[in-house]
1. I'd like to know if the range 7-17 contains one or more residues that are within 14 Å of the chain's Cα centre (by Cα), surrounded by 10 or more Cβ atoms within 10 Å (Cβ to Cβ), in a helix (DSSP H, G or I) and at pLDDT below 90.
2. With the structure loaded, tell me whether Ile70 is within 13 Å of the chain's Cα centre (by Cα), free of Cβ contacts under 8 Å to residues at least 60 places away in the same chain and under 30 Å from Pro28 (Cβ atoms) or whether it fails that test.
Amino acid sequence: MRRDIFQAVADPTRRSIIALLAIQAMTPNTIAENFDTSRQSVSKHLRILTECELVKQEQQGREIYYSLEIEKMKEIDKWLTQFREIWETKFNQLDEVLLTLKNQKK
């Protein structure tokens, strides 16, 4: 079952895992040490992140390392860009109003 990346990042624990993996690749045990939850729970989150291709697995000896899939994160960024543009326009309009009010007080 392919999951939606937005569904995956909706969970705060998965967002925290993504933040950890943005720094460096980690084993499930290392990731689990950062949470007050079971190793099995972290594995479930990792499975969901893997299914939607936000993280990838790499076998190194007996260990599996998870790392962030940066290209997939760009899909989220692309979606957010439309909102960024809307808010930038609104902030620019607000700047103009505030500047006008400031000039009127002088």
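The values are calculated or read from the model by the stated rules, or taken from the named source; none is laboratory data. Just so we're clear, the structure is a prediction, and the values are computed from it rather than from any experiment. All Cβ positions, glycine included, derive from the backbone under ideal geometry; neighbour counts span all protein chains shown.
1. Yes.
2. Considered against the rule, which asks whether it is within 13 Å of the chain's Cα centre (by Cα), free of Cβ contacts under 8 Å to residues at least 60 places away in the same chain and under 30 Å from Pro28 (Cβ atoms), Ile70 comes out as yes.
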